[in-house]
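Student: My questions all concern the structure below.
The values are calculated or read from the model by the stated rules, or taken from the named source; none is laboratory data. Everything numeric here is computed off the predicted structure, so don't read it as measured data. Neighbour counts run over all protein chains shown; Cβ positions are idealised from the backbone, glycine included. Surface accessibility is based on the protein's heavy atoms, side chains included, excluding ligands, DNA and RNA. Shrake-Rupley method; radii C 1.70, N 1.55, O 1.52, S 1.80 Å.
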Amino acid sequence: MELAKTYAPIEVEKKWYGKWMEKNIFHSVPDGRKAFTIVIPPPNVTGILHMGHALNNTIQDLLVRRARMQGFNACWVPGTDHASIATEAKVVAMLKEKGINKNDLTREEFLKYAWEWKEKYGGIILQQLKKLGASCDWDRVAFTMDDDYYKAVIKVFVDLYNKGHIHRGVDMINWDPQAQTALSDEEVNFKEVQSRLHYLKYKIEGTEETITIATTRPETILGDTAICVHPNDERYKNLVGKMAIVPLINRAIPIITDEYVDREFGTGALKITPAHDKNDYALGKKHNLATIDIFNANGTLNEAAQLFIGKDRFDARRLIVKQLEAEGFLVKIEDIKNNVGYSERTNAVVEPRLSQQWFCKMKELAKPALENVMNQNIKFHPIKYQNTYRHWMDNIRDWCVSRQLWWGHRIPAYYAPDGTMVVAENIEEALQKLKALTNNQQLTTNNLKQDDDCLDTWFSSWLWPIEVFKGISNPGNAELNYYYPTQVLVTAPEIIFFWVARMIMAGYEYENKLPFENVYFTGIVRDKQGRKMSKSLGNSPDLLELIDTYGADGVRFGILVCSPAGNDLLFDEKLCEQGRNFNNKIWNALRLVKGWEDKVDASLNTDDPAISWFENRLRQAIEEINSNIDAFRISEALTITYKLIWDDFCAWYLELVKPKIDGKISKNVYDATIYFFEELMKLLHPFMPFASEEIWQQLQPRTEDEFCAIAPYPIFKTIDENTLSNATKVFDLVVKIRAYRSSNNLSPKEPISLFIKAEDKKIYNIWEAKISKLANIESYSFTDVAIENAEVLIIKTDEIFIPRTMVVNAEEEKIKIEKELEYTRGFLQSVLVKLGNERFVQNAKPELVQNEVAKKEDAEARIRALEESLTRLN
């Protein structure tokens, strides 16, 4: 079959993904092989594919595809997260479009709509991942609200409650007025913003004196219950114990002292609003202050505020400033910068709020999770994130796990009519517990009321590596024992606390072992100007459009080639174009090689040095690629693969073995070329699966069950360093001859002569035909003496003379040699500095040290040869 002139990525990708799925080659069942397991960080069920997903999942796919080819039983589990806040917001918006208000629905009615929405839209991102080439086991798709998963989450809640880790109580929490739910500390993003510091004066009861406070939130004075000053602040000693009058509402509040107060901030006098500030709440508890909550759940002011009732908090702020100014209480306003907390989900300004919530104590759960990261039982890549992790774990706080939502895992707390509460896995179990507690045998399930709140989304996803194998719902099952712990987690550093730390805690709490051996942290995808990609900036490309333009392989290449572990990557669409061009280059190489089929002469058996060289170069590259992937240096591994194919194979090897237009190629050379091409496609496959599969299939006939995707991955064999070194000398010579032609305006078609002065003539004898072919040499001789009026090319310790057809200017030649001599001496000095560094010599790998020694010897030989050339010109 004649090959198409151009590579058609869209057709190829559709064809091969279909065949892979048809043959179910991504499916895994436990067997005698060693497992290699990755669980996908479950994207929100609301999500669509973006650049961050593309980076994360392409890296996972690369690792899984390589492991599958290496003979592991590779299992990549896909799935989605129910995403309580995000999904509920989507469903509420959908209902609004239909003219339905959530508050007019029962919980059951709302959940019916939510499940309908999930079934319609919830799988979009998984289908998009297939377009990217993700080789997940699609028979294992998990969802954090599947029946078994739901039961597992409830089971864990009950277990932790029974162990004393979970409790219910009133505390100051983070409140999202837009989503109208509690948030954990980790779900609050602090941003530095421009604010206004309002200086307000309070009258002292029964006197003409005043005390001035400073606040960025003047609306909260309506909830003030004290003013606090430092006990050693001389300015206010005469006021301590007196009563101040809150402006506008005339509430009398005490002036108290506490060392907590910063005398340098504002006026040194602090208004205390226990219901609306975490630090104020702590002071309020310490000093037995009243607590006045002035906000409704949606951020509007309630009756307790007395003024601006029903107004939004920010509207109330503007209004109260006007009134304070009008009535003479506003002293001045200063512009300042301060940190304000925003909801990670809705981007609403978070409101500190006193609320009855459910909390999980974390100190004990955190101990093994911290220890096993710091001792590197679990390895972080890059390791710098260990310190970030340790800092958070050392300062871990109780986790607020309840959310005021309907979509999610409902908290399994049940209440009798008299308020007695029990926690149980189901209502039947709760009934028996409540009958015993209340001594009321007449109770029925109809009498019980379940807690209205849901659990934080992360309370389900922290069980992900265990429960995707039913480890909680069916403890100790065969699949869990085979696949768990997993080998690698690929994730973003911004969820190191939300998810990574908590999965490690759950792993040690419920399996007494780590959930994954390695954590690879990707960076943030930024544009080429370094800006974070966002819709508002218009710098976030549509990933599916990129795939349609450059092919999935082109996009995968573009993302991977610029993605250093743990560091942000600067994405440029031109990198996808480079990936597409790479595909086209390989396709053209395939067309070239397949065009040789009719030229194969079975009677010829050529001892071609190019075969020996490329075989060793391939072995060397296999080691380099594997060592880089094993160390999670993904972009480096791809760059090596790219150069191996583009430079070593296409630019050098194919040119070395290419037959003349009317010539023949020996069977052993052709067979070796096909073998090399196949091995290269196997190395490329984890990075660019579609093109590599298509080209591997074209190289020779295959059965319908043969795929590059499951072909044995190339293995490392012993390298002949001498063969590689000799070839490097030959290629260096060819490059320098070509440069000589270019600088002297000599056509490549014009033959030239060479005189070679070398101790080891064997290399040049073996490679004579290849050098002559690539450099168009008509006369190839050896000499023991320097050739007069000749260009001298220095190849390590050898001198290659090209007789000149014209007289050259000796002074110009001397200047050229002196420049090269100066550069080489400088290079030698840098190598000597490195070798003189004891830490490098003692700690570096022996092969790296030896490489520097070889550089030193080469530079010294080159200096000697250049000095001899200079002497001849003097």
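Student: Given VAL792, VAL807, which one is open to solvent by 30 Å² or more (accessible area, probe 1.4 Å), β-branched (Val, Ile, Thr), more than 26 Å from ALA854 (Cβ to Cβ) and modelled with pLDDT under 90?
Tutor: Checking each option against the conditions leaves just VAL807.
Residues are listed down the side, and each one gets a yes or a no for (1) open to solvent by less than 10 Å² (accessible area, probe 1.4 Å); (2) not in a loop (DSSP other than H, G, I, E, B):
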position	(1), (2)
GLY408	yes, no
TYR414	no, yes
GLU425	no, no
ALA430	yes, yes
LEU434	yes, yes
GLN441	no, no
ASN446	no, yes
ASP452	no, no
PHE459	yes, yes
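Student: Please work out if THR58 is open to solvent by less than 10 Å² (accessible area, probe 1.4 Å) and modelled with pLDDT under 95.
Tutor: No; evaluated as a whole, the condition is false for this residue.
Student: Tell me whether the stretch 501-523 contains one or more residues that are touching a Gly at 6+ places or on another chain (Cβ under 9 Å) and basic (Lys, Arg).
Tutor: yes
Student: Separate question: For the structure I just gave you, tell me whether GLU597 is open to solvent by less than 10 Å² (accessible area, probe 1.4 Å) and of a type in the set (D, E, K, R).
Tutor: The answer is no for GLU597.
Student: Separate question: Could you list, in sequence order, the residues of the stretch 314-366 that are of a type in the set (Asp, Glu) and over 20 Å from VAL193 (Cβ atoms)?
Tutor: Matches in the stretch 314-366: GLU325, GLU327, GLU364.
Student: Do we have TYR550 as over 18 Å from the mean Cα position of the chain (by Cα), in contact (Cβ under 8 Å) with a residue 40 or more places away in the chain and surrounded by fewer than 20 Cβ atoms within 10 Å (Cβ to Cβ) here?
Tutor: No.
Student: I've got another one for you. Working carefully through the options LEU638, LEU644, LEU656, find the one that is surrounded by 18 or more Cβ atoms within 10 Å (Cβ to Cβ) and touching a Leu at 6+ places or on another chain (Cβ under 6 Å).
Tutor: Just one listed residue meets the conditions, LEU638.
Student: Would you confirm whether or not the stretch 513-534 contains a residue that is part of a loop (DSSP other than H, G, I, E, B), under 21 Å from LYS384 (Cβ atoms), open to solvent by 40 Å² or more (accessible area, probe 1.4 Å) and polar (S, T, N, Q)?
Tutor: no
The rows are residues; the columns are (1) of a type in the set (Phe, Trp, Tyr); (2) touching a strand residue (DSSP E or B) at 6+ places or on another chain (Cβ under 9 Å); (3) at pLDDT 95 or above.
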{"site": "ARG65", "(1), (2), (3)": "no, yes, yes"}
{"site": "PRO78", "(1), (2), (3)": "no, yes, yes"}
{"site": "ALA83", "(1), (2), (3)": "no, yes, no"}
{"site": "GLU88", "(1), (2), (3)": "no, yes, no"}
{"site": "GLU108", "(1), (2), (3)": "no, no, yes"}
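Student: Okay, moving on. Just need a number here: residues in the stretch 239-270 that are within 53 Å of the chain's Cα centre (by Cα) and either open to solvent by 60 Å² or more (accessible area, probe 1.4 Å) or in contact (Cβ under 8 Å) with a residue 60 or more places away in the chain (or both).
Tutor: Count: 10.
Student: What is the residue count in the stretch 480-499 for residues that are touching a Pro at 6+ places or on another chain (Cβ under 9 Å) and either farther than 12 Å from VAL519 by Cα or not polar (S, T, N, Q) (or both)?
Tutor: Summing the residues that are touching a Pro at 6+ places or on another chain (Cβ under 9 Å) and either farther than 12 Å from VAL519 by Cα or not polar (S, T, N, Q) (or both) in the stretch 480-499 gives 10.
Student: Please tell me if MET172 is in contact with a strand residue (DSSP E or B) (Cβ under 6 Å, 6 or more places away or on another chain), surrounded by 19 or more Cβ atoms within 10 Å (Cβ to Cβ) and either farther than 25 Å from LEU354 by Cβ or not aromatic (Phe, Trp, Tyr) (or both).
Tutor: yes
Student: Taking the stretch 277-309, which residues are acidic (Asp, Glu), open to solvent by less than 60 Å² (accessible area, probe 1.4 Å) and not in a loop (DSSP other than H, G, I, E, B)?
Tutor: Within the stretch 277-309, ASP280 is the sole residue that qualifies.
Student: Restricting attention to the stretch 695-715, which residues are assigned to a helix (DSSP H, G or I), more than 20 Å from VAL64 (Cβ to Cβ) and not aliphatic (A, V, I, L, M)?
Tutor: Answer for the stretch 695-715, where residues must be assigned to a helix (DSSP H, G or I), more than 20 Å from VAL64 (Cβ to Cβ) and not aliphatic (A, V, I, L, M): GLN697, GLN698.
Student: Here's another thing I want to ask about it. Please work out which one of (1) out of contact with any Leu (no Cβ under 6 Å at 6 or more places or on another chain); (2) under 29 Å from ALA711 (Cα atoms) is the condition ALA54 fails and give its number.
Tutor: With respect to (1) out of contact with any Leu (no Cβ under 6 Å at 6 or more places or on another chain); (2) under 29 Å from ALA711 (Cα atoms), ALA54 is out only on (1).
Student: Still on this model: Restricting attention to the stretch 462-497, report how many residues are assigned to a helix (DSSP H, G or I) and either in contact with a His (Cβ under 6 Å, 6 or more places away or on another chain) or open to solvent by less than 10 Å² (accessible area, probe 1.4 Å) (or both).
Tutor: Within the stretch 462-497, residues that are assigned to a helix (DSSP H, G or I) and either in contact with a His (Cβ under 6 Å, 6 or more places away or on another chain) or open to solvent by less than 10 Å² (accessible area, probe 1.4 Å) (or both) number 7.
Student: If a residue must be open to solvent by less than 70 Å² (accessible area, probe 1.4 Å) and either under 18 Å from ASP452 (Cα atoms) or within 37 Å of the chain's Cα centre (by Cα) (or both), how many such residues does the stretch 91-109 contain?
Tutor: Final tally of qualifying residues: 9.
Student: What pairs can you find where one residue is in the stretch 71-84 and free of Cβ contacts under 8 Å to residues at least 24 places away in the same chain and farther than 26 Å from LEU405 by Cα, the other is among the small types (Gly, Ala, Ser) and open to solvent by less than 10 Å² (accessible area, probe 1.4 Å), and their Cβ atoms are less than 7 Å apart, with a gap of 6+ or different chains?
Tutor: none
Residues checked against (1) in contact with a strand residue (DSSP E or B) (Cβ under 6 Å, 6 or more places away or on another chain); (2) in contact (Cβ under 8 Å) with a residue 24 or more places away in the chain; (3) part of a helix (DSSP H, G or I):
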position: ILE629; (1), (2), (3): no, yes, yes
position: PHE632; (1), (2), (3): yes, yes, no
position: SER635; (1), (2), (3): no, yes, yes
position: THR639; (1), (2), (3): no, yes, yes
position: LEU644; (1), (2), (3): no, yes, yes
position: ALA651; (1), (2), (3): no, no, yes
position: LEU654; (1), (2), (3): no, yes, yes
position: PRO659; (1), (2), (3): yes, yes, no
position: TYR670; (1), (2), (3): yes, yes, yes
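Student: Applying the selection to the stretch 734-788, what residues are open to solvent by less than 70 Å² (accessible area, probe 1.4 Å), β-branched (Val, Ile, Thr) and part of a loop (DSSP other than H, G, I, E, B)?
Tutor: THR783, ILE787
Student: Another question, if that's okay. Select, from ASN347, ASN338, ASN302, the only residue that is closer than 21 Å to ALA182 by Cβ and in contact with an Asp or Glu (Cβ under 9 Å, 6 or more places away or on another chain).
Tutor: ASN302
Student: For the stretch 133-149, state whether one or more residues are out of contact with any helix residue (DSSP H, G or I) (no Cβ under 9 Å at 6 or more places or on another chain), open to solvent by less than 30 Å² (accessible area, probe 1.4 Å) and either without any contact (Cβ under 8 Å) to a residue 40 or more places away in the chain or under 30 Å from GLU11 (Cβ atoms) (or both).
Tutor: Yes - at least one qualifying residue is present in the stretch 133-149.
Student: Please find, among THR718, THR723, THR728, the residue that is part of a helix (DSSP H, G or I), open to solvent by 60 Å² or more (accessible area, probe 1.4 Å) and hydroxyl-bearing (Ser, Thr, Tyr).
Tutor: Checking each option against the conditions leaves just THR728.
Student: Which residues, counting only those in the stretch 812-851, are in a helix (DSSP H, G or I), open to solvent by 70 Å² or more (accessible area, probe 1.4 Å) and of a type in the set (D, E, K, R)?
Tutor: Scanning the stretch 812-851 gives GLU812, LYS816, GLU818, LYS819, GLU822, ARG825, LYS834, GLU838, ARG839, GLU847.
Student: Moving on to the next point. Quick one: count up the residues across the stretch 317-353 that are of a type in the set (A, V, I, L, M) and part of a loop (DSSP other than H, G, I, E, B).
Tutor: Final tally of qualifying residues: 2.
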